[in-house]
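The values are calculated or read from the model by the stated rules, or taken from the named source; none is laboratory data. Because the structure is a prediction, the values reported are computed rather than measured. Cβ placement follows ideal geometry from the backbone for every residue including glycine, while neighbour counts extend to all protein chains displayed.
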Amino acid sequence: MKLVEGRVRIPSGCAISGIISRDRRKFTGERIVESMKVMRERSNGLGGGFAAYGIYPKYKDSYALHIFYNDSNAKRECEAFLNEHFEIDEASELPTRKIPEITDEPLIWRYFALPRPSRLAASQLDEREYTARCVFAINARIDGAYVFSSGKNMGVFKAVGYPEDVGRFYMLDEYEGYMFIGHGRYPTNTPGWWGGAHPFSLLDFAVVHNGEISSYDANRRFIEMFGYRCALMTDTEVITYILDYLIRHVGLTLEESASVIAAPFWSSIAKKPPEERERLTYLRTMFPSLLVTGPFSIIFCFEGGMMALNDRLKLRSMVTAEKGDMVYVASEECAIRAVEPDAENLRYPSGGEPVIVTLNGGKDNA
Amino acid sequence: MKRVYVNEKWCLGCRLCEYNCAFANSGEKDMVKALKGKKIYPRIRVDEHDGITFAVSCRHCEDPICVKSCIAGALSKEGDGMVKLDRTKCVGCLTCVLVCPYGAVVQDERGAALKCELCLTNTAGYPACVKGCPNAAIVYEERD
Amino acid sequence: MPNYILPDFEVERRDDRCIRCRVCERQCANEVHSYDEENDVMLADELKCVGCHRCVALCPTRALKIVKYSGTFRENANWSNQSILEIYKQAESGGVLLSSMGTPNPYPVYFDKILINASQVTNPSIDPLREPMETRVFLGKRPQNIERDETGKLNNNLPPQLELSVPIMFSAMSYGSISYNAHESLARAATELGIYYNTGEGGLHEDFYKYGPNTIVQVASGRFGVHKGYLDVAAAIEIKMGQGAKPGIGGHLPGEKITEDVSRARMIPVGTDAISPAPHHDIYSIEDLRQLVYSLKEATEYKKPVIVKVAAVHNIAAIASGIARSGADIIAIDGFRGGTGAAPTRIRDNVGIPIELALASVDKRLRDEGIRGNVSLVVAGSIRNSADVVKAIALGADACYIGTAALIALGCHLCRTCHLGKCNWGIATQRPDLVKRLNPEIGYKRLVNLVTAWQHEIKELLGGMGINSIEALRGNRLMLRGVGLNEKELEILGIKHAGE
Amino acid sequence: MISKYVIIGGGVASTGCIEGIRKVDPSGGITLITAEPYLTYCRPLISYLLEGKTTLEKMLYRPESFYEKNGVRVMLATKSERIDPERKTVMLSDGTSIGYEKLLCATGSVPFVPPFEGLDTVKSKFSFLTLDDALELERAITPESRVFIVGAGLIGLKCAEGIHGRVGSITVCDLAPQVLASILDSDSANIVEETLQSHGINLILGDTVAKFEENVAILQSGASVEFDVLVLAVGVRPNVALVRDAGGKIGRGIIVDDTMLTSLPDVYAAGDCTESFDITSSSSRVLAILPNAYMQGECAGINMAEGYSSYANAVPMNSVGFFGLHIATAGTYTGELHEIRTPGCLKKLYVNEGRLVGFIIIGDTTRAGIYTSLIRNKTPLDEIDFELIKNYPSLMAFSGNSRLKMLGGVV
């Protein structure tokens, strides 16, 4: 049997990197590619990808749907579904650059779309939830079609290959945005398929992750009670859903969410001042099944900023640094130095300590 | 000092203490060899009467009347508080038996006096009755 | 009437070791051993021997051995010794066969066909001696939504919870079915361990009110010993709908076990049989249960979680889902291998389903319905060791009840004659001379040791899986693999086969 | 010379006194003056010595090191002639004198020898009180000797047992119609008599010596006894001379209060030379028994060293055996009698005003101490299950609570 995400669980080691300008100053995707390049050792060519924010000013109010198609039938079926549920402003192939390092690419299309008002009203859901459900529906039901990017004014670009090649393939140097994250993958068995590459994204949420979480099935089986379907069986997917659930559905802040998925040990909670102790005890007692154990370092992005987080034992490396309004997060310091030799305030966040960066003037929450 | 205390609430009257005592003071390594086919002369004795059972052994009194009464100077109160019997001096007059308010001094097969010395003078080194009690009805501890 | 019954056991006495101390004789409540002064020999009446090993354990020279009776009837593949014996017994007595403890019959033990995962290379195992390893769990409802005050601060809107230092509790065993000293041992151990013990349907002896914060009081069909003070002193209240060993059957504590103290605790006259009806006569359907749940909550001002305990039966998933919607905070499911002080043999050995399958399907159903968070799941029905606990939690349980394991720690030798009331180990008896054989000072320490040992093992297993908190194990079925199970069993358990 | 504490007499009362003093005063100088050439030994053991059941070394009441360890200066074979209570000195036989702050007179007792006619014609005659008596007797006897013992009390009979098997014959005579008249009644005495006779000891009871003619004793009954060795064991008298001569009050013995103080300032007395108050008969008697001597000595010692101790519950008691037959007695034999006869054991318990006041046990004396303490503590019998322990003494007779007190704490 050919191993494919969704049929088997695929643990993997990885490289991650993220760059953000708090003043929303735009820069090209070249930098994130450069930053990933120096961590080639951490990948094995079986998956690389990026998420870029602020890249579609022209369609900033439409959902940018990036979709992989195995074949034209899948495309036809999927577009029928899209037309049924969305008003599509523009549909086009996603621009790519043919290079020898990247082969067997599927059909890659991009749609700028908005929910059909009649449908939306009938669904009694808010626009984001409506869109999210449509994404789940396509990914679950339409064989050969896979939506890998569904946010506004942002896009995910991923493929099977080394990150720097994936970057050239998608011509990231031609995109300008205020925030980029990158991911280089080192799966411990071979995925067949581009959809399995990272980042994993839902709406404007995108997550890159390095690690292998031991709580996976406990988290998955809990989160699936709320309509999520973990189709890929990857850590990144479940972590994205957990954050989406906690932030978008439950309404926790980023810090609170961090205190759930990387909760402090009871022993350290006991040492906190009463109010803090009560808060943390409440969160652990309320969401025990969303505690994420095992090694991980993640960068979680949303339209308003990013959060970097390590597992509570810090079993994976992660570094942060600043320069002016720029903030850098990466698995290794070299990935930061490569693009910002004079980076300052180099830090190694401790386990479970969230590093939250929000855009100046932007809301400090997802 | 550490003494042997009995708690009749937990005494089952199984009499293991008597046999463990006899064994501990037999000088033998094997209980069967020590006790098989022999009458035992334990220094702790279990009393039994309609449902009540308890064991009694030397209380090692602070002010031991047996020591004062011994006509042979064979009984002495040691520095550690233990009441010791020098059996080579004992002539078997049993005055100690006549004065012990607990009936804790017994006789050996020769009719000479015999009493608990907390297994500190035999090879057991720790009261065998305590170690062998299946219900912690006999304890070895400091009390006041 | 002729008696065709064969002894179950033979007493083998090594006369070369026997020193005639007669401890065996003094310690056998069944009067198996006796001493013949004249010939200086120990005699044994083997028909009376129940194989409890009290004499063996106390024999100072290890001269005794109790072995299975070697003689058999003319058994065959169809007519086993047991089946023949049972027929003789019933032909003699004309009565229902009674037995105690869990079924001895060779039904599959799924725990033994499930293996646990461990980390290699791709993620690190965690050393519990070096890193914190958390076994604390909270049992109770989780609200649907969070609440914040005007400043945005989170309100604690959690209903009452039970906090356990380790996901193990002592399951319901009534004072009456077990002795005062057994109860004190359980209560003290629970208190020291930071877990809970359960009164069963025996009321609560006034001496034990001080253990209230670690006590779960039971309200069962007989309502024995239930009053305001009883409910108020407890940490939680358990409504007993059924018991794994005897689903659909009530309880029967014979009058001779209703001593002065027991009668006071149960609020029934001395010497009268205590009969718990099969059903609660005020609960004939789920909405009645809901009413009882809420009247108990009303009575205790919504300060205590309410547990509903049911036996694992065929449609347990649906039943559990009903209970989860009845307002109960915790569901306790008792598998059919669970123990009992006395049950009709036929029921015990033929009614109910194994806890592993019941748990798996209940957990799945509650998740499918999105209400798993409404309740905590406690499972019972033969949890024998820390691995069973880990497997149960990975299958989806929040915690486990242990009954038989606790009794064994107290000295029970599984002779399965609790119903005779002559427990040589002072556990399942009210005879003062036997009760005193269990010194709670020893008993509670043994229980504390047992649970502490299991906690250490659980931490080791968690560490091996790269998990450092028990919460991350709950329902984490990927950590389990089946061996020698068929597709259907794997499907119900929701686990893959080893090698997959 | 001056010593803070001076003790006259080397019996166990002196040891009690030394140990008593040291409980209070660890250093004050002590001088022990004894007429005997030996350190304190166990007098009751002299018969066992002859019997070979003990040795001279083992007979020492305390190890030799005891005296040095306790800073006691011992003056052996030194007779005290006189006490001068004004000057607080004791004159010694060697003409020297020794001053004291506190004095203990523990002079014990002396044999009482009736003025038998012709006693002076007897060559080989002995008392049986001191070690020297025993050693001299031992030298005198041969396997052929016919030994005649006058007096069937404890001393006479113990002597008989001591030399039994080492002499040709033993005859014991006593004026009383029974043996051990001071501690046994007639039918318990009978059992003892049978035992003695079964061991070949001739008893002549209810008769006594009228006169001696060298090796022949003519009895009042007219009968005569030929003998080679004569032992006079008629009795003893408290040795009160020193205190009496110094003007101290004397009754049956030296009179002391319950701190052992005599009527003379700073002069204490203890042991066989005193009379003490027998709580079982509520009368003052001379209790010439070893436990009493030690306890009086100890009490005196404590008080001499300015501690406080009182000894007011003396109980007469004896535990003795003859040829394996055990006798345990205590208290007085008045009041209501409870008699229990079991094979090999006669037990007589005397109850007066609801309290046990005395007992005689011949045979199995196991746990007799429980009876003794009932007497000493004057335990009201209605507080215990007396019936239960008539046959077999046991703490079972006490209530669970008092048993808890007895066995549960330090005593």
Checked region C:131-164 for anything without any contact (Cβ under 8 Å) to a residue 60 or more places away in the chain and either among the hydroxyl-bearing types (Ser, Thr, Tyr) or buried (at least 23 other Cβ atoms within 10 Å of the Cβ) (or both); matches are C:THR151
Scanning region A:109-137 for residues that are under 30 Å from A:GLU164 (Cβ atoms) and touching a residue at least 60 places away in the same chain (Cβ under 8 Å) gives A:VAL135
Going by the conditions given, is D:ILE254 closer than 29 Å to D:ASN377 by Cβ, buried (at least 23 other Cβ atoms within 10 Å of the Cβ), out of contact with any strand residue (DSSP E or B) (no Cβ under 8 Å at 6 or more places or on another chain) and at pLDDT 95 or above?
no
Subset of region C:180-196, residues farther than 20 Å from C:LEU434 by Cβ and of a type in the set (Asp, Glu), comes to C:GLU192
### Task
Inspect region A:224-242 for any residue being over 30 Å from C:LEU162 (Cα atoms) and free of Cβ contacts under 8 Å to residues at least 12 places away in the same chain and give the result as yes or no.
yes
By residue number, the members of region D:108-133 that are in a loop (DSSP other than H, G, I, E, B) and out of contact with any strand residue (DSSP E or B) (no Cβ under 6 Å at 6 or more places or on another chain) are D:GLY108, D:PRO114, D:PRO115, D:LYS123, D:THR130
Output for Cβ contacts, cut-off 7 Å, separation at least six or different chains, first residue modelled with pLDDT of 90 or more in region C:59-74, second surrounded by 11 or more Cβ atoms within 10 Å (Cβ to Cβ) and among the aromatic types (Phe, Trp, Tyr), reads C:PRO60/B:TYR19; C:ILE66/C:PHE9; C:VAL67/C:PHE9; C:LYS68/C:PHE9; C:TYR69/C:PHE9
Selection status of C:ASP368, touching a residue at least 60 places away in the same chain (Cβ under 8 Å) and acidic (Asp, Glu): no
If we take region D:6-72, then helices (runs of 4 or more DSSP H) inside it with 2 or more residues that are under 27 Å from D:LEU157 (Cβ atoms) are D:12-24, D:46-51, D:56-59
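Okay, residues lined up against (1) surrounded by fewer than 21 Cβ atoms within 10 Å (Cβ to Cβ); (2) part of a helix (DSSP H, G or I):
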position: A:ASP143; (1), (2): yes, no
position: A:VAL147; (1), (2): no, no
position: A:GLY167; (1), (2): no, yes
position: A:ASP173; (1), (2): yes, yes
position: A:ALA218; (1), (2): no, yes
position: A:GLU224; (1), (2): yes, yes
position: A:GLU237; (1), (2): no, yes
position: A:ASP244; (1), (2): no, yes
position: A:ILE247; (1), (2): yes, yes
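Residues of region C:145-171 being in a loop (DSSP other than H, G, I, E, B) and either at positive phi or under 32 Å from the mean Cα position of the chain (by Cα) (or both), which ones?
Filtering region C:145-171 for residues in a loop (DSSP other than H, G, I, E, B) gives C:145-146, C:149-153, C:156-161, C:165-167, C:171.
Within region C:145-171, C:GLY152, C:LEU158, C:PRO159, C:PRO160, C:GLN161, C:SER165, C:VAL166, C:PRO167, C:SER171 qualify.
Please count how many residues of region B:122-131 are within 11 Å of another protein chain (Cβ to nearest Cβ) and surrounded by fewer than 20 Cβ atoms within 10 Å (Cβ to Cβ). Spell out how you get there, then give the answer.
Filtering region B:122-131 for residues within 11 Å of another protein chain (Cβ to nearest Cβ) gives B:128.
So of that shortlist, the ones also surrounded by fewer than 20 Cβ atoms within 10 Å (Cβ to Cβ) come out as none.
So the answer is 0.
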Of the conditions (1) more than 11 Å from chain D (Cβ to nearest Cβ); (2) touching a residue at least 40 places away in the same chain (Cβ under 8 Å); (3) more than 18 Å from D:PRO393 (Cβ to Cβ); (4) not β-branched (Val, Ile, Thr), the single one that B:ARG43 does not satisfy is (3)
So, first residue free of Cβ contacts under 8 Å to residues at least 60 places away in the same chain and within 11 Å of chain B (Cβ to nearest Cβ) in region C:12-30, second residue among the small types (Gly, Ala, Ser) and surrounded by 18 or more Cβ atoms within 10 Å (Cβ to Cβ), Cβ within less than 7 Å, six or more apart or across chains; the pairs are C:ARG14/C:ALA63; C:ARG17/C:ALA63; C:CYS18/C:ALA63; C:ARG26/B:GLY13
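Here is a yes/no grid of residues against (1) more than 7 Å from chain D (Cβ to nearest Cβ); (2) free of Cβ contacts under 8 Å to residues at least 40 places away in the same chain:
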| site | (1), (2) |
| --- | --- |
| B:GLU78 | yes, yes |
| B:LEU85 | yes, yes |
| B:LYS89 | no, yes |
| B:THR95 | no, yes |
| B:TYR102 | no, no |
| B:ARG110 | yes, yes |
| B:ALA113 | yes, yes |
Aliphatic (A, V, I, L, M), touching a helix residue (DSSP H, G or I) at 6+ places or on another chain (Cβ under 9 Å) and without any contact (Cβ under 8 Å) to a residue 24 or more places away in the chain - does that describe any residue in region A:156-163?
no
Within region D:285-317, restricting to residues that are part of a strand (DSSP E or B) and touching a helix residue (DSSP H, G or I) at 6+ places or on another chain (Cβ under 7 Å), the one that is surrounded by the fewest Cβ atoms within 10 Å (Cβ to Cβ) is D:ALA314
A:GLU176 meets each of (1) modelled with pLDDT of 95 or more; (2) charged (D, E, K, R); (3) under 26 Å from A:TYR245 (Cα atoms) with one exception, condition (3)
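Select the helices (runs of 4 or more DSSP H) contained entirely in region C:349-421, then report the ones holding at least 2 residues which are touching a His at 6+ places or on another chain (Cβ under 7 Å) and under 18 Å from C:ARG481 (Cα atoms). So that I can check it myself, show each step before the final result.
Details: elements: C:355-368, C:386-395, C:404-410.
Passing ranges: none, list empty.
Rundown of residues vs (1) in a helix (DSSP H, G or I); (2) at pLDDT below 95; (3) buried (at least 21 other Cβ atoms within 10 Å of the Cβ); (4) among the acidic types (Asp, Glu), yes/no style:
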{"position": "A:ALA51", "(1), (2), (3), (4)": "no, no, yes, no"}
{"position": "A:ILE55", "(1), (2), (3), (4)": "no, no, yes, no"}
{"position": "A:CYS78", "(1), (2), (3), (4)": "yes, no, yes, no"}
{"position": "A:GLU90", "(1), (2), (3), (4)": "no, yes, no, yes"}
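Yes or no: D:SER221 farther than 30 Å from D:THR15 by Cβ and part of a loop (DSSP other than H, G, I, E, B)? Outline the logic, then answer.
Values: farther than 30 Å from D:THR15 by Cβ: yes; part of a loop (DSSP other than H, G, I, E, B): yes.
Judged against the criteria, D:SER221 is a match.
Scan D:ARG73, D:ARG43 and give me the residue that is among the basic types (Lys, Arg), in contact (Cβ under 8 Å) with a residue 40 or more places away in the chain and under 23 Å from D:ASP272 (Cβ atoms).
Working: D:ARG73 fails: under 23 Å from D:ASP272 (Cβ atoms).
After ruling out the rest, the residue left standing is D:ARG43.
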